[in-house]
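Note sheet for the following structure.
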Amino acid sequence: MYGLVNRAIEEMVCGSQGEETWERIKCEAGVDTDVFIGNQGYDDAITYRLVGAASQVLGLPPERILEAFGEHWVLKTARDGYGELLTAGGSSLSEFLQNLPSLHARINLMFPHLTPPSFSCTNVTAESMDFHYRSKRQGLAPFMVGLLRGLGKLFDTEVYIEHIEARSAGADHDVYHLRWRRTQP
Ligand code: 1MF
């Protein structure tokens, strides 16, 4: 994955736990990279090891770490660095999710080595949908939950998320049933 992802994990941990904890996590993960370069590709294993080590050191299940990281990604990394791309994605959660495929197509044009997941929406109503997530990567379903929560915050929308089909339980891909309510007009 692009270094931007590992750097976002670093920012999240340093921001909430401090630099010392981050150094312990890197040590535990056997990662000796001093600085992650945003536009350089890194082995996915590094990202997984960092999440695993953070889970150990902080005493939280990896799912919690991934969820927190998903939220951080949307509210900090994507918003700060790619704000225009995000706002071009739509003016409501539903619109944004339906535009996610074209958002990734655009990002992919700029960063050709991206291995982007693919998304689709079915059974869309004014306040609900089924949201489909397909990825070449394993185990990142909790990260998507965090992303959805973060997007809810971004759009002043309360989101209820039910994970109705899980690849980890043998399904073809992950499906989330979403219901939402805008908290501000
Ligand atoms: O393959 C990759 O390296 C990769 C990196 C990040 C693939 C996808 C992503 C983004 N995605 C992360 C979860 C991947 C899960 C999976 O593979 O199953 C989050 C997607 C997303 C979902 C909802 C809302 C917003 C989302 O992301 C927006 C986004 C996506 C990619 C980037 C930024 C925002 C991005 C930008 C530049 C990158 C890498 C990713 O690389 C750089 C960095 C600095 C300078 C030049 C290139």
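The values are calculated or read from the model by the stated rules, or taken from the named source; none is laboratory data. Not measured: the values here are computed from a predicted model. In this analysis, Cβ positions are derived from the backbone assuming ideal geometry, glycine residues included, and neighbour counts consider all displayed protein chains.
Go through the range 108-117 and count every residue that is near the ligand (Cβ under 8 Å from one of its atoms) and either crowded, with 16+ Cβ neighbours inside 10 Å or over 18 Å from GLY89 (Cβ atoms) (or both).
Residues flagged as near the ligand (Cβ under 8 Å from one of its atoms) and either crowded, with 16+ Cβ neighbours inside 10 Å or over 18 Å from GLY89 (Cβ atoms) (or both) within the range 108-117 amount to 3.
Go through GLN56, GLN98, GLN40 for me and flag whichever is farther than 21 Å from SER168 by Cβ and outside the structural domain of ALA141 (by TED's automatic domain parsing).
Step by step, each of GLN56, GLN98, GLN40 is checked, and only GLN40 is farther than 21 Å from SER168 by Cβ and outside the structural domain of ALA141 (by TED's automatic domain parsing).
State whether the residues of the range 66-86 include one that is in contact with a Pro (Cβ under 6 Å, 6 or more places away or on another chain), within 30 Å of ARG24 (Cα to Cα), at pLDDT 90 or above and buried (at least 16 other Cβ atoms within 10 Å of the Cβ).
yes
How many of the residues making up the range 144-174 are of a type in the set (Gly, Ala, Ser), in contact with a strand residue (DSSP E or B) (Cβ under 6 Å, 6 or more places away or on another chain) and either buried (at least 19 other Cβ atoms within 10 Å of the Cβ) or at pLDDT below 95 (or both)?
Qualifying residue count for the region: 1.
Mind checking whether some residue in the range 56-78 is touching a residue at least 60 places away in the same chain (Cβ under 8 Å), in contact with a His (Cβ under 9 Å, 6 or more places away or on another chain) and within 11 Å of the ligand (Cβ to nearest atom)?
No - not one qualifying residue is present in the range 56-78.
What residue, among those in the range 118-137 that are part of a loop (DSSP other than H, G, I, E, B) and within 9 Å of the ligand (Cβ to nearest atom), is surrounded by the fewest Cβ atoms within 10 Å (Cβ to Cβ)?
Applying the first criterion (part of a loop (DSSP other than H, G, I, E, B)) to the range 118-137 yields 123-127, 135-137.
Okay, now just the ones that are also within 9 Å of the ligand (Cβ to nearest atom), so 135-137.
Details: SER135: 18, LYS136: 9, ARG137: 12.
Among those residues, the one meeting the criterion is LYS136.
Of the residues that sit in the range 27-55 and are in contact (Cβ under 8 Å) with a residue 40 or more places away in the chain and touching a helix residue (DSSP H, G or I) at 6+ places or on another chain (Cβ under 8 Å), which one is nearest to the ligand (Cβ to nearest atom)?
For the range 27-55, the residue satisfying everything is ASN39.
Of all the residues that make up the range 1-26, how many are without any contact (Cβ under 8 Å) to a residue 40 or more places away in the chain and in a loop (DSSP other than H, G, I, E, B)?
1
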